[in-house]
1. Which one of these is at pLDDT below 95, touching a helix residue (DSSP H, G or I) at 6+ places or on another chain (Cβ under 6 Å) and either crowded, with 20+ Cβ neighbours inside 10 Å or within 27 Å of residue 43 (Cβ to Cβ) (or both): 261, 251?
2. Can you tell me which residues in segment 206-223 are surrounded by fewer than 18 Cβ atoms within 10 Å (Cβ to Cβ) and part of a loop (DSSP other than H, G, I, E, B)?
3. Return yes or no: is residue 175 surrounded by fewer than 18 Cβ atoms within 10 Å (Cβ to Cβ), within 16 Å of residue 253 (Cβ to Cβ) and touching a helix residue (DSSP H, G or I) at 6+ places or on another chain (Cβ under 8 Å)?
4. Kindly indicate which of 125, 91 is without any contact (Cβ under 8 Å) to a residue 24 or more places away in the chain, under 20 Å from the mean Cα position of the chain (by Cα) and loosely packed, with under 14 Cβ neighbours inside 10 Å.
5. Given the criterion surrounded by 18 or more Cβ atoms within 10 Å (Cβ to Cβ), over 24 Å from residue 15 (Cα atoms) and in contact with a helix residue (DSSP H, G or I) (Cβ under 6 Å, 6 or more places away or on another chain), identify the matching residue among 106, 31.
6. Does segment 24-34 contain at least one residue that is over 30 Å from residue 154 (Cβ atoms), in a loop (DSSP other than H, G, I, E, B), in contact with a strand residue (DSSP E or B) (Cβ under 6 Å, 6 or more places away or on another chain) and modelled with pLDDT under 95?
7. Could you figure out which of (1) touching a strand residue (DSSP E or B) at 6+ places or on another chain (Cβ under 8 Å); (2) under 22 Å from residue 89 (Cβ atoms); (3) free of Cβ contacts under 8 Å to residues at least 60 places away in the same chain isn't true of residue 222?
8. Any idea how many residues of segment 70-86 are in contact with a strand residue (DSSP E or B) (Cβ under 8 Å, 6 or more places away or on another chain) and either surrounded by 15 or more Cβ atoms within 10 Å (Cβ to Cβ) or on the phi < 0 side of the Ramachandran plot (or both)?
């Protein structure tokens with residue numbers, strides 16, 4: 001059951017954000033999302049912010065960031081305020097993670113991807129169906145969550161590589177009421193039930209990254225005062241995780257809108273590896289910003 005709501009009128013001006021990751025070239029799918037955010041911001045008299053999601057310091061480079069900004073400037077999209085870079089806010093994510101650790105809602109996870117794959121394969125080979133998340137990835141095993149405290153401490157003291165994961169069952173248990181989020185649709189604002197448990201024990205940080213996408217995005221949305229999150233339909237179900245983290249950390253919940261995706265000739269959503277849809281390639285071939293808007297359905 002869903003409930004319909006009127007637009008929240010408590011904010012002086014709505015705040016939107018476009019948040020690309022500079023680990024490749026922008027493509028038509030990014031253009032669609034940027035243009036959707038721009039349109040909604042201008043129609044509501046709101047502000048549009050630019051966030052650079054550059055937590056992955058190995059893949060995100062200054063050169064790629066310059067390319068992202070150049071593409072957005074070429075499209076004619078203007079932003080309000082300075083650029084917000086995640087790489088300048090690592091301490092904020094660490095503080096949020098520590099809050100969860102202090103509440104015994106996060107634990108160190110030592111299993112490698114290879115170890116998880118082998119465990120899942122062995123289990124499924126024996127006829128046991130391994131649970132998977134909405135994206136089809138196997139849920140993380142409970143081995144690390146069940147480790148005795150002293151064993152965890154010894155492994156950490158020995159310098160073993162680890163991630164931190166959310167204890168999903170414990171986190172959900174702390175909630176006073178079922179979770180939901182407000183989704184903006186053609187019919188108005190709809191209250192949508194959220195079931196974060198289907199994602200299992202999500203990653204909060206890794207040894208090579210100070211924060212996961214889930215943890216950083218809710219931290220940044222709160223820090224930037226974002227009131228409306230407009231993003232692709234591929235992130236619809238992940239909103240349940242974001243609502244959970246917002247509830248656990250005492251962060252505000254924006255209104256969400258998940259827009260259509262542009263698909264490639266193979267029927268899949270566009271990716272940065274699709275060179276034929278990269279904005280810089282299209283620009284080099286004589287495509288204009290107006291053409292891009294038409295290609296994106298505007």
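The values are calculated or read from the model by the stated rules, or taken from the named source; none is laboratory data. Just so it is clear, the model here is predicted, and its values are computed rather than measured. Neighbour counts run over all protein chains shown; Cβ positions are idealised from the backbone, glycine included.
1. 261
2. 207, 208
3. For residue 175, the condition - surrounded by fewer than 18 Cβ atoms within 10 Å (Cβ to Cβ), within 16 Å of residue 253 (Cβ to Cβ) and touching a helix residue (DSSP H, G or I) at 6+ places or on another chain (Cβ under 8 Å) - is met.
4. Of 125, 91, the one residue that is without any contact (Cβ under 8 Å) to a residue 24 or more places away in the chain, under 20 Å from the mean Cα position of the chain (by Cα) and loosely packed, with under 14 Cβ neighbours inside 10 Å is 91.
5. 106
6. Within segment 24-34, one or more residues are over 30 Å from residue 154 (Cβ atoms), in a loop (DSSP other than H, G, I, E, B), in contact with a strand residue (DSSP E or B) (Cβ under 6 Å, 6 or more places away or on another chain) and modelled with pLDDT under 95.
7. Tallying (1) touching a strand residue (DSSP E or B) at 6+ places or on another chain (Cβ under 8 Å); (2) under 22 Å from residue 89 (Cβ atoms); (3) free of Cβ contacts under 8 Å to residues at least 60 places away in the same chain, residue 222 fails exactly one: (1).
8. 9
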